[in-house]
1. Return the residues of the range 111-132 that are part of a loop (DSSP other than H, G, I, E, B) and surrounded by fewer than 19 Cβ atoms within 10 Å (Cβ to Cβ); say none if nothing qualifies.
2. May I ask you to list the residues in the range 149-165 that are crowded, with 23+ Cβ neighbours inside 10 Å and hydroxyl-bearing (Ser, Thr, Tyr)?
3. Any idea which of 92, 105 is among the aromatic types (Phe, Trp, Tyr), over 18 Å from the mean Cα position of the chain (by Cα) and assigned to a helix (DSSP H, G or I)?
4. Among (1) in contact (Cβ under 8 Å) with a residue 24 or more places away in the chain; (2) more than 13 Å from the chain's Cα centre (by Cα), where does residue 67 come up short?
5. Can you list residue pairs whose Cβ atoms sit under 6 Å apart, with the first residue in the range 149-163 being part of a strand (DSSP E or B) and the second being among the polar types (S, T, N, Q) and surrounded by 16 or more Cβ atoms within 10 Å (Cβ to Cβ)? Count only pairs 6 or more apart in sequence or on different chains.
6. Can you pull out the residues in the range 21-73 that are in a helix (DSSP H, G or I) and of a type in the set (Ser, Thr, Tyr)?
Amino acid sequence: MGVLYDYFHATDRTTAVNQAIGPDGNWLRGTPLEETGADWIDAKGLDPNVVLAHLVAYAGGTPFTGQQDTPELIWPEPPFPQGEPTDPASPWTTGLILQQLPDRWRDVLAPLPEDGVPMVVAQWCETEEVDFADYLVARDAVATFMALACRARIAGAHLYCRCSL
């Protein structure tokens, strides 16, 4: 089993944590995103820190350097515990993390013009980490992210990524 990534939008961090993790961060009482009313997409193994970051760089017309703005960990709350977490009551043992994506990413993807999509997809497909897709699958993924970013922008919301190990 691999790492799964779900992307969604929420108006604030508290709402995002309640929807993606559980009420007040209680992962034991959490429910699936589809049952929370969240507007979300299942992106399978499409990680935000490298794969989505490359897409945003290409959509924004800049080379990916790895130094651009990056997603911020919001749950579990940092810092990471010293050593391997072993306490079953620790949120660090859940295999869940929640990151807030930079608003700039939403603002780059939402207005991407349709005639610019083929070039962005072609660049993205050349990325080593985009080995999960051929051109058509990658194009569909870009369209899906663009639509989510657009809905988030219209709602005045932020984008989030829930990672499940």
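1. 111, 113, 126, 127, 128, 129, 131, 132
2. 160
3. Going through 92, 105 in turn, just one is among the aromatic types (Phe, Trp, Tyr), over 18 Å from the mean Cα position of the chain (by Cα) and assigned to a helix (DSSP H, G or I): 92.
4. Here residue 67 meets the rest and fails (1).
5. Between residues of the range 149-163 that are part of a strand (DSSP E or B) and residues that are among the polar types (S, T, N, Q) and surrounded by 16 or more Cβ atoms within 10 Å (Cβ to Cβ), the close pairs are 158/100; 160/100; 161/99.
6. Answer for the range 21-73, where residues must be in a helix (DSSP H, G or I) and of a type in the set (Ser, Thr, Tyr): 36, 58.
Residues are listed down the side, and each one gets a yes or a no for (1) small (Gly, Ala, Ser); (2) at pLDDT 80 or above; (3) exposed (fewer than 12 other Cβ atoms within 10 Å of the Cβ); (4) closer than 25 Å to residue 141 by Cβ:
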residue: 8; (1), (2), (3), (4): no, yes, no, yes
residue: 22; (1), (2), (3), (4): yes, yes, no, no
residue: 35; (1), (2), (3), (4): no, yes, yes, yes
residue: 43; (1), (2), (3), (4): yes, yes, no, yes
residue: 47; (1), (2), (3), (4): no, yes, no, yes
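Each row is one residue, and each column tells you yes or no for (1) in contact with a Ser or Thr (Cβ under 9 Å, 6 or more places away or on another chain); (2) over 30 Å from residue 111 (Cβ atoms); (3) surrounded by 15 or more Cβ atoms within 10 Å (Cβ to Cβ).
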| position | (1), (2), (3) |
| --- | --- |
| 54 | yes, no, yes |
| 64 | yes, no, yes |
| 67 | no, no, no |
| 79 | no, yes, no |
| 91 | no, yes, yes |
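The values are calculated or read from the model by the stated rules, or taken from the named source; none is laboratory data. The shown structure was predicted, so the numbers you read here are calculated from the model rather than taken from an experiment. Cβ sites come from the backbone with ideal geometry, for glycine too, and all protein chains shown count toward neighbours.
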